Each structure stands twice: as C-alpha cells, then as structure tokens.
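Trainee: The structure's right below; bear with me while I get my questions together.
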Amino acid sequence: MKITWLFIILLLLSNGCSKNKEILTGDIMGRIVIYNEDYSSPQDRSGVLVSLYKDTALLSTSFTDVRGMYLFENLEYGKYRIDIEKEGYVKTRGNSYIYHVGGYSPTLTDGAIFQIPSFNLTIDSVKVLTSVFEVKFYLKIDGDTLIPYYWYPLIGFCSNSPDVSKDNYLSMAGGLLSQRDFMTPVPAYGSLREFDSEFYALMSDSIYIRLYPLAFGQSYYYPFDKKALGKPSNVVSLKWQ
C-alpha cells in the first residue's frame, strides 16, 4: 500500500512539472506603426523586419503583415529584446526590452518607426539674437516655403571652418524647423536654441553652421541615431555680436 501511494504522489508531481513547463512558454507579439515624412501612417504596414534577441544572441526574425503585426511563438520565459528595421526609416529611442513570463496570454510589445526626412533645406538668411541666445534661419524647402509637417526637430553642426558637417564639427545645437513664424511673414524657418558648452569657444571667430532635419522619434536632448538625420543644408556663416 505504501508503494502504491508513493507511486501516485510521484505521478502527480510529474504531471505538475509537465504542466508548469507548458505554462512557462508562450508567444511574443505586437504591432509596429509606420510614420511617414508627413506624420501620416500608411494602411499597408507590412515589410518591417523585427529581430528577436535574448541577451546578445539573435533568436529569430519576422516581417510585419499588412496590419503591422509580428509574432514569435513558443518562447520560454525570460528577458528578450526586439529590434525593428525598414529602409528609409528609423526606430524610436530605447532598447525595447521584453520581460516575458510565458503562459496562455501572449506578451505584447509594440513599436514605431519614422521616415527619415527626404526634403532639401536651403538657408536664405540667418539672424543672431544674442539677447535670448538664439540663431534663426529663414529657409526654402525643396525650393518652396512649406514642409511636409508643421515642425521637425532640427540639428545644427557648428565649426570655425566652412567644411562643417555631421561628421566634422566642433559644436552641436538643437532646435526646431517650423512652418510658421508669428513674428515675421516667412512661413518656413529654423531656430537653434540648445547649444552645447563647446559653442562658446567658437564665438570669437566666424561661425559656420550646417543644418539637418531630424526624424520624429529622435531628439537632440538624448543620444540620437545619426542615420535619422535628413539631407544637409548649405553652410552659412555668422558673427556672434
């Protein structure tokens, strides 16, 4: 009788372990939203490559369907990370870590990608406002004065040399590219207000600046992906007086 009861207990424990193992696996799924240059979202959100990592190891890849949905099935519980890619687009900041507990309900993780600006910036004129520590630029966008959306984040790369670019600069500043300026009748302008500490060393000489629009989902205030920068403007020079 004792042997029989021992056998039953072991059988129940074995079934419990099998059930727990089944529950501790599950699916990871989510939706990736695509934002175009004008901040619209297309109906067809297919073709975004979603890569699934555990630690530094690539486990699997998947492409989104027309709804922007992706799915990874039968994954053990643990900490995962997804990366999302589409040519001409960049993802938002962050590592997209997923704490997957498994079970019958999937772990949901969404994301978004933003189109890299494709328009051309041409600076018509520049104005230095020393009282508020601001540089304002009046611009043409593809030869016109309108941009695809009301505003864009803007990055300015600064130097005492005219060959300044995103790869060759001494100082960097953040600001906005906007469609309207309420102080003057010029619809398109750029404004730089967030200067780093290196900018002060440039102020005693001619300052050369080149502007780049920055994709949405990125920001000057945080480390940004240089791939998110659009086309460069022409270079302008100014004196800080």
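Trainee: How many residues are hydroxyl-bearing (Ser, Thr, Tyr), farther than 14 Å from GLY174 by Cα and either in contact with a Pro (Cβ under 6 Å, 6 or more places away or on another chain) or open to solvent by less than 10 Å² (accessible area, probe 1.4 Å) (or both) if we restrict to the range 206-241?
Mentor: Initial filter on the range 206-241 (hydroxyl-bearing (Ser, Thr, Tyr)): 206, 208, 212, 219-222, 233, 237.
Next, only the ones that are farther than 14 Å from GLY174 by Cα stay: 206, 208, 233, 237.
So of that shortlist, the ones also either in contact with a Pro (Cβ under 6 Å, 6 or more places away or on another chain) or open to solvent by less than 10 Å² (accessible area, probe 1.4 Å) (or both) come out as 208, 233.
The total comes to 2.
Trainee: In the range 184-210, how many residues are within 24 Å of SER40 (Cα to Cα) and in contact with a strand residue (DSSP E or B) (Cβ under 7 Å, 6 or more places away or on another chain)? Walk me through it before giving the result.
Mentor: Of all residues in the range 184-210, those within 24 Å of SER40 (Cα to Cα) come to 187-190.
Right, trim to in contact with a strand residue (DSSP E or B) (Cβ under 7 Å, 6 or more places away or on another chain) and you get 188-190.
Count: 3.
Trainee: Now a separate question. With the condition being open to solvent by 70 Å² or more (accessible area, probe 1.4 Å), I'd like the strands (runs of 3 or more DSSP E) fully within the range 37-147 carrying at least 3 qualifying residues.
Mentor: Working: elements: 49-54, 57-63, 69-76, 78-85, 89-91, 97-100, 111-115, 121-129, 134-141.
Once the strands (runs of 3 or more DSSP E) in the range 37-147 are filtered for at least 3 residues that are open to solvent by 70 Å² or more (accessible area, probe 1.4 Å), what remains is 57-63, 69-76.
Trainee: Also: For the structure I just gave you, tell me whether LEU176 is open to solvent by 40 Å² or more (accessible area, probe 1.4 Å) and in a strand (DSSP E or B). Please lay out each step first, then the result.
Mentor: On the way: open to solvent by 40 Å² or more (accessible area, probe 1.4 Å): yes; in a strand (DSSP E or B): yes.
Here the answer is yes, as LEU176 does meet what is asked.
Trainee: So, LYS79, is that one more than 25 Å from LYS227 (Cα to Cα), modelled with pLDDT under 90 and more than 16 Å from the chain's Cα centre (by Cα) or not?
Mentor: Working: more than 25 Å from LYS227 (Cα to Cα): yes; modelled with pLDDT under 90: no; more than 16 Å from the chain's Cα centre (by Cα): yes.
Answer is no for this residue.
Trainee: Given the condition among the β-branched types (Val, Ile, Thr) and in contact with a Gly (Cβ under 9 Å, 6 or more places away or on another chain), answer yes or no: does some residue in the range 205-216 qualify? Outline the logic, then answer.
Mentor: From the range 205-216, those among the β-branched types (Val, Ile, Thr) are 207, 209; that's our starting set.
Filter again for in contact with a Gly (Cβ under 9 Å, 6 or more places away or on another chain), leaving 209.
Yes, the conditions are met somewhere in the range 205-216.
Trainee: Within the range 196-241, how many residues are without any contact (Cβ under 8 Å) to a residue 40 or more places away in the chain and under 14 Å from THR122 (Cβ atoms)?
Mentor: Of the residues in the range 196-241, 0 are without any contact (Cβ under 8 Å) to a residue 40 or more places away in the chain and under 14 Å from THR122 (Cβ atoms).
The values are calculated or read from the model by the stated rules, or taken from the named source; none is laboratory data. What you see is a predicted model; the values in this text were computed from it and never measured. Here the Cβ is made from the backbone with ideal geometry for all residues, glycine too, and neighbour counts use every protein chain on show. All accessible areas refer to the heavy atoms of the entire protein, side chains included, with ligands and DNA or RNA removed. Shrake-Rupley method; radii C 1.70, N 1.55, O 1.52, S 1.80 Å.
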